[in-house]
Amino acid sequence: MTARVQRLAAIAAIVIGVGVAAAPAAFQMFSRAPEGGTMMDEFEPYMSADVISEFRSYLATIETATDELATVRSAVGDPNFDTAYVSVAQLEAQWPTVKADMTDLLDRMDRNLDNYAAVTALPPFPMFPWFFVVPGVLIIAGGVWALRRGTSSPVRRAPWYLVAALGLGMVAAPAMFQMFSRAPQGAEMIDDFRPMMTVERVRDVQSYFITLGGGESQLRASLMPALEATGADLADYPGIAAFSSAWPAMLQDFNPMIATMRDNVDNFQAVDALPSFDLFPWFFVAPGVIVAAMAAIAVRRRADPITQE
Amino acid sequence: MSSSHPTLRLAIGAIAALSLVGAACGDDETTSTTAPVTQPDVTDPSSTEPSVTEPMATDPASTTPLTEPMNLFEGELVGLFAIAAGQCVDGTVTGSWFQMVQPGGTADAGPYVPNGDSACADTNYSLLSPGMAAGLRSGELQVAPDPAFDESGNGLAADIFAPVPFFGVAFAGAMDAGGPTPAVTAADGELNADLTAFTAYYGGGTFNQGAVATGTIDPMTGEYVLEWTSLISGGSFDGFTGVWHLEGVFTPAG
């Protein structure tokens with residue numbers, strides 16, 4: 001009876017080990033986790049309060065310029081304004097949408113700064129699969145070893161001590177890496193980024209670039225010279241001047257951010273396809289507890305007569 | 001009427017005989033230099049002198065140089081494809097230019113990205129003007145300088161064409177240092193150019209704009225047209241397509 005229980009415990013440990021070791025393959029972690037790591041690395045330049053604040057200041061600059069457009073429109077007095085300055089007219093009309101969408105994007109980044117920091121404090125993404133494979137394989141080895149040796153002596157109990165240590169290690173690992181707090185933060189970030197990490201959303205942002213760039217260039221190259229020709233003083237429009245002055249810097253900053261969003265849509269989707277970050281600590285704790293329990297049961301039977309096969 | 005036939009026959013016979021003697025005495029050089037001039041008469045069905053040219057046209061030895069113009073630009077072309085500056089006159093775009101097609105659009109129909117800095121009334125066209133090397137050199141990698149941008153994000157490569165303002169920031173074009181050397185071949189006036197290393201520099205970012213370009217070249221004058229489109233994959237301009245049109249005159253190296 002005792003030998004049977006021990007054998008069953010060893011087999012259960014092996015099964016758990018196989019499950020743990022196979023989990024990364026089942027969830028395609030070997031490809032998805034590194035993609036997540038790449039995404040985290042590439043977003044790093046933008047996940048700072050200073051950078052987000054700078055982007056907000058760009059939006060404020062454009063807002064001031066667009067506020068002045070109504071005055072410019074009436075000062076120029078062109079009845080065909082909307083066709084003569086189609087890019088400026090588009091900027092004027094679409095700015096509320098652009099501003100709302102870009103503000104939403106920046107808000108999402110802003111409120112996830114702590115979450116991002118929490119996730120980056122976890123072990124590197126590419127190592128995630130190995131946190132399952134290595135203990136899983138060792139548990140399998142311990143289970144097989146236990147099956148072959150039984151538990152009739154301290155030496156023969158060694159495989160069970162190994163299995164117990166691995167189980168306890170798996171239970172302790174999430175606490176050591178603060179996964180119980182950090183993983184849910186990662187899950188929250190993934191949820192919040194989901195609406196902005198799509199090709200459609202990136203296309204929208206690209207179209208904003210055309211709206212802003214087209215509007216600015218027509219403002220600077222056509223509309224403001226036409227306004228000046230009416231005798232107006234361009235100094236009366238500091239917002240537009242500031243927009244044109246800041247535009248090259250905006251373009252240089254917006255460009256790589258849009259590129260980062262676009263180039264990480266696939267990476268995000270890979271991470272999103274993994275099991276929820278909330279569950280990750282329990283992927284360690286649950287099998288760890290079971291394996292440690294199996295080892296405890298087996299070792300507690302050591303005083304009983306053993307029938308060696 | 002009937003009395004004039006012997007005279008007419010005699011005159012035609014004399015002209016034909018003189019023509020044959022002239023053809024027999026003429027050297028190859030003379031024949032080839034006159035070929036482009038006489039070619040339209042031979043091929044023109046409205047020619048009013050069939051009886052005079054017919055004997056020459058039926059002689060294989062003499063018709064070959066007459067009907068085939070000299071092709072100076074055949075095979076691999078190594079040299080300078082000088083860029084003719086783009087111009088907009090009365091709504092017509094000539095010379096070399098660039099367009100950017102928005103995602104989902106087509107090279108022929110757009111929609112294009114209007115460039116408020118364009119010199120054209122149709123701001124969908126951004127005109128190109130020759131750079132310091134006057135144009136594109138085949139058989140040579142014209143790479144961007146290092147650094148490739150100034151602090152405002154303007155592209156600095158200015159060998160092939162002068163940087164072009166686009167949305168307030170200039171884009172430049174050069175060959176990627178790790179890419180294949182541009183190679184152009186001509187066959188019967190058709191051009192095929194490996195320009196896969198061609199890269200645009202804009203706003204601090206680089207965008208591959210290379211492709212295998214096609215076009216034509218005048219076998220006598222070297223006047224050429226090269227066109228290609230290149231879809232941007234990834235980055236801030238993902239899904240946009242660059243449309244490039246270069247024209248000018250090719251000059252062989254050396």
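The values are calculated or read from the model by the stated rules, or taken from the named source; none is laboratory data. Computed from a predicted model, the values in this text were never measured in an experiment. Using ideal geometry, Cβ is built from the backbone for each residue, glycine included, and neighbour counts are taken over all protein chains shown. Calculation scope for accessible area: heavy atoms of the full protein, side chains included, ligands and nucleic acids excluded. Shrake-Rupley method; radii C 1.70, N 1.55, O 1.52, S 1.80 Å.
Listing for the model above:
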read-out	value
Residue-span extension gain [residue B:121 to residue B:70] - 0.36 nm each, minus C-alpha spacing	14.3 nm
Chain-alone versus full-assembly comparison, region B:137-177, residues with accessible loss of at least 20 Å² (1.4 Å probe)	B:152, B:167, B:168, B:169
Selected from A:69, A:279, A:234 as most flexible by GNM, with chain A as the system and alpha-carbon contacts under 10 Å	A:234
Heavy-atom accessible surface that B and A bury in contact, both chains counted, 1.4 Å, Å² to 100	1600 Å²
Residue A:55 accessible area, 1.4 Å probe, all protein chains in place, Å² to nearest 10	10 Å²
Top of A:115, A:80, A:267 by mean-square fluctuation, Gaussian network on chain A, Cα under 10 Å	A:80
Residue order for A:86, A:72, A:299 - accessible surface, 1.4 angstrom probe, largest first	A:86, A:299, A:72
Whether chain A is rounded, prolate or oblate, judged on the alpha carbon gyration tensor where a/c under 1.5 counts as rounded	prolate
For region B:211-239, residues shielded by at least 50 square angstrom of accessible area compared with the chain on its own, probe 1.4 Å	B:235, B:236, B:238
Taking the convex hull of Cα positions in region A:1-81, its mean projected area over all directions (nm²)	11.8 nm²
Span-rule helices in chain A, defined as complete DSSP H runs reaching 30 Å or more along the axis (Cα) with Kyte mean at least -1.0	A:2-26, A:49-76, A:86-111, A:128-149, A:238-263, A:280-300
Rel. contact order, % - alpha carbon contacts under 8 angstrom, at least six apart, region A:61-208	28 percent
Average silhouette area of region A:154-309, convex hull of alpha-carbon atoms, in square nanometres	15.1 nm²
Accessible surface of residue A:41 - all protein chains present, 1.4 Å probe, nearest 10 Å²	110 Å²
Residue A:203 - accessible surface, heavy atoms, 1.4 Å probe, Å² rounded to 10	70 Å²
Partner chain coverage, peptide A:247-259 - average Cβ within 10 angstrom	6
Listed residues A:220, A:300 arranged by accessible area, highest first, probe 1.4 Å	A:300, A:220
Residue-normalised accessible area of chain A, expressed per residue, 1.4 Å probe, Å²	44 Å²
Exposure rank, largest accessible area first [A:207, B:126; 1.4 Å]	A:207, B:126
Average Cα contact separation per residue, chain A, under 8 Å, 6 or more apart, as relative contact order %	39 percent
Region B:181-233 versus region A:1-32: alpha-carbon centroid distance in Å	59 Å
Cα convex hull volume per residue for region A:103-197 (Å³)	98 Å³
FRET efficiency, residue A:7 to residue A:279 (Cβ-Cβ, R0 41 Å, nearest 0.05)	0.85
Inter-part distance where region A:125-202 and region A:248-281 are each reduced to a Cα centre, Å	26 Å
Residue among A:123, A:135, A:281 with the largest mean-square fluctuation in a Gaussian network model of chain A, springs linking Cα atoms under 10 Å	A:123
